[in-house]
Amino acid sequence: MAQIELLDVNKTYAVGNNVVKAVDGVTLEIEKGEFISIVGHSGSGKTTLLSIIGGILSPSTGRVVVDNTDIYALDEDRLSEYRALKIGCIFQFSSLLPVLTAKENLLLPTVFRPEKGNGFEKKAVEHLALVGLEDKIDAHPSQLSGGQQRRVAIARAFMNDPDIIIADEPTGDLDEETEAEVMELFKGINRQRGITFILVTHSSELAKDATRRLRMTRGRIQEL
């Protein structure tokens, strides 16, 4: 059985007197542990679809079923729990809190965890080391380059051991060498931990690293 099922999902917006379909009748099944890339031109609906899967943006119509649960039938508390504990998000922008250190930014998602203790601090340090920032633990975002901030955001996405990672242009601020390193990191975690990855990218080269490739065009999706 699929881990994620999208059933005739639509998202529409009113723009003046017109109705724009950002997502148009998408039906899709994603198995646990898949590494999926979604490519398409700007405005094709990629980010909107990713946000719907992540529980961030509700569809206008249709159903999103994750692990046999219709997530948009949940009350707001349980939907927030879904976002916090099951989904790891990497956005186009790093979205780090400037008053917190790199380690403290990583600890933010753990406030939703029922268990407490010092284990999370050790985990934050390990995750920063995983992305090559073991010497930046106490640095604030203003002391980091754009690429380093992006790597902190990537490390933060794994702090709650999510089942699903949604990544929207996750390597946008990185040079080619670091981009390749990050993609190898993603693929390794995907293989070793069985985390499902859904990656939105404009880069056909990056998309090739996925085990399954999709294209969005005017809100509709097709296999490549």
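The values are calculated or read from the model by the stated rules, or taken from the named source; none is laboratory data. Remember, predicted model here, so these are calculated numbers, not experimental data. Quick reminder, even Gly has a Cβ in these numbers, built from the backbone with ideal geometry, and neighbours come from all protein chains shown.
Residues L49, L74, L97: which one is surrounded by fewer than 18 Cβ atoms within 10 Å (Cβ to Cβ), touching a residue at least 12 places away in the same chain (Cβ under 8 Å) and of a type in the set (A, V, I, L, M)? Break it down stepwise before answering.
Details: L49 fails: surrounded by fewer than 18 Cβ atoms within 10 Å (Cβ to Cβ); L74 fails: touching a residue at least 12 places away in the same chain (Cβ under 8 Å).
Just a single option satisfies the conditions, and that option is L97.
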- [ ] Of the numbered conditions (1) of a type outside the set (D, E, K, R); (2) within 22 Å of E5 (Cβ to Cβ); (3) in contact (Cβ under 8 Å) with a residue 60 or more places away in the chain, Q92 fails exactly one; give the number of that condition.
- [x] (2)
Task: Every residue from the stretch 43-74 that is in a loop (DSSP other than H, G, I, E, B), more than 18 Å from P170 (Cα to Cα) and aliphatic (A, V, I, L, M) - done: L57, L74
- [ ] Sort out which residues of the stretch 97-121 are over 20 Å from the mean Cα position of the chain (by Cα) and at pLDDT below 90, and write them in order of number.
- [x] P114, E115, K116, G117, N118, G119, F120, E121
Open item on the list: I'm told T178 meets every condition in (1) assigned to a loop (DSSP other than H, G, I, E, B); (2) surrounded by fewer than 19 Cβ atoms within 10 Å (Cβ to Cβ) except one. Can you identify the failing condition by its number?
Closed with: (1)
- [ ] List every residue pair whose Cβ atoms lie under 7 Å apart, where the two residues are 6 or more positions apart in sequence or sit on different chains, the first residue falls within the stretch 196-221 and is surrounded by 20 or more Cβ atoms within 10 Å (Cβ to Cβ), and the second residue, located anywhere, is part of a loop (DSSP other than H, G, I, E, B) and of a type in the set (D, E).
- [x] T196/E34; T196/D163; V200/E169; T201/E169
TODO: Identify, from the list I221, I165, the residue that is within 22 Å of L96 (Cβ to Cβ) and part of a strand (DSSP E or B).
DONE: I165
Open item on the list: Need pairs with beta-carbon distance below 7 Å; first residue farther than 19 Å from V182 by Cα and free of Cβ contacts under 8 Å to residues at least 60 places away in the same chain and within the stretch 127-148, second buried (at least 20 other Cβ atoms within 10 Å of the Cβ) and small (G, A, S); sequence gap 6+ or separate chains.
Closed with: A139/A102
Task: Of all residues making up the stretch 58-68, the number that are surrounded by fewer than 17 Cβ atoms within 10 Å (Cβ to Cβ) and within 19 Å of the chain's Cα centre (by Cα) - done: 2
